[in-house]
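Asker: This is the structure I want to talk about, given as structure tokens.
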Amino acid sequence: MDITRKTLSISEALYHLIVMMLTLGRGIHSLPVPTDVPMCTASETAQYRLTFSGKWNQAAFPKQYPVYRPPAQWSNLIGVTHSSDYHMWQRNEFASNGVREFAEKGEAWTLMKEVEAAGERIQSVYGIFSAPAVMGGTGQMNTEFEVFARHSYLSFMVHLIPSPDWFVGVESYDLCDGDQWKENVSLELFPFDAGTDSGFTFSSPNFETIPQDKITQITSSFPSHPANSFYYPRLKHLPPIAKVMLTKIKKTNQIISLPMEPTQSNQLPTGNEIEDKLINTPLDCEVSVWSPWGLCKSKCGDSGVQHRTRYIIMHPANNGLACPLLEEERKCFPDNCL
């Protein structure tokens, strides 16, 4: 199926679910808010503009960077505004079936049904919103959403394409500070593993994790396996793979607006798009283990020479360590000489 048509159909279907949720939400009363979390006492609602910026480029993430079939890109953004007693996803907890499907395939249907059910059951979800996919590792997508005191929390997810079950997102971020709404928020995003697929690389085949693991943040040293696409043992921390800006805007009469068209680019961000300097992550050369020693080549009674070889698994990049020798030799004496 054509990626663009698929993206449009997903956005249209999500919009119908959003309208249904909001219609339902206005006809029910909120349940009591838990008393063990700070209370938001803002008297008015607030509307925010969300700008997601992908920073997944080959300079910052050179190891196994996906350049084709498919190239690095981002799925639709799926988000909710909610109260403190709801969690779309949580680190160190098990992913729901909806989170599993979205993290593995970017499919949001089950996740949206879970959100809808939570809104009906405990009235904890105020609104659902989405933003279009970004057809590249870098680029932006934008949308707007509304929050109010009872539902001042924001959660969202964006699936990394391609990946086994990796995503970025925000979990239960409170946009309220006492009786005031936060004006501007900037958050750096790092990859998470949903714990449902055991692949190590961006293009790994499906390999279900049994039993299911909990959601964990991927770091430069975890999972600690050389095959991992984010394994950079020389780095203390991974560079952020994305960034989200939340800007409070003038209130309108709209409860929620349709997502705007994304600004997409396959070029590295420049100018004011990001404040950070361009990151060049060093990638060291990786080589295979040595092969067995070859036959000893010599005349009977004379010492000879035998060889062994290894090959390059990963070429160095961005001033990473150069490759070592790929062939060795040593003296030997023939074992079976007549």
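Asker: Which residue is most open to solvent (accessible area, probe 1.4 Å), if the candidates are limited to segment 43-57 and must be within 26 Å of the chain's Cα centre (by Cα) and closer than 30 Å to residue 178 by Cβ?
Answerer: Step by step, filter segment 43-57, then rank; the result is 49.
Asker: For residues that are part of a loop (DSSP other than H, G, I, E, B), of a type in the set (D, E, K, R) and at pLDDT 85 or above, tally how many sit in segment 289-330.
Answerer: Going through segment 289-330 one residue at a time, the tally reaches 1.
Asker: Here's something else I'd like to know. I need every pair where a residue in segment 139-155 that is on the phi > 0 side of the Ramachandran plot has its Cβ under 8 Å from the Cβ of a residue that is in a strand (DSSP E or B) and open to solvent by less than 30 Å² (accessible area, probe 1.4 Å), sequence separation at least 6 or different chains.
Answerer: As it stands, the answer is 139/53; 139/54; 139/74, since those pairs meet every condition given.
Asker: Considering only residues that are open to solvent by 50 Å² or more (accessible area, probe 1.4 Å) and touching a strand residue (DSSP E or B) at 6+ places or on another chain (Cβ under 7 Å), which ones fall in segment 313-332?
Answerer: Correct list: 313, 316, 318, 324, 326, 327, 328, 329, 330, 331.
Asker: What do you reckon, is residue 186 among the small types (Gly, Ala, Ser), surrounded by fewer than 18 Cβ atoms within 10 Å (Cβ to Cβ) and either assigned to a loop (DSSP other than H, G, I, E, B) or touching a residue at least 40 places away in the same chain (Cβ under 8 Å) (or both)?
Answerer: yes
Asker: Taking interchain pairs and intrachain pairs at least six residues apart, which have beta carbon atoms under 7 angstrom, with the first residue in segment 80-94 and assigned by the TED database to the domain that holds residue 194 and the second assigned to a strand (DSSP E or B) and open to solvent by 80 Å² or more (accessible area, probe 1.4 Å)?
Answerer: Correct list of pairs: 92/214; 93/214; 94/214.
Asker: Could you tell me whether segment 99-121 includes any residue that is open to solvent by less than 10 Å² (accessible area, probe 1.4 Å) and within 19 Å of residue 61 (Cβ to Cβ)?
Answerer: yes
Asker: Scan segment 64-93 for residues that are over 16 Å from the mean Cα position of the chain (by Cα), within 20 Å of residue 189 (Cα to Cα) and not polar (S, T, N, Q) and jot them down.
Answerer: Across segment 64-93, the qualifying residues are 80, 87, 93.
Asker: Is it the case that residue 51 is at pLDDT below 95 and either farther than 17 Å from residue 238 by Cβ or outside the structural domain of residue 168 (by the TED database) (or both)?
Answerer: no
The values are calculated or read from the model by the stated rules, or taken from the named source; none is laboratory data. Note that the coordinates shown come from a computational prediction; the quantities given were computed from them, not determined experimentally. So basically every Cβ, Gly included, is an ideal-geometry build from the backbone, and we count neighbours across all protein chains shown. Ligands, DNA and RNA are stripped out before the accessible areas are found, and what is left, the full protein with its side chains, is counted by its heavy atoms. Shrake-Rupley method; radii C 1.70, N 1.55, O 1.52, S 1.80 Å.
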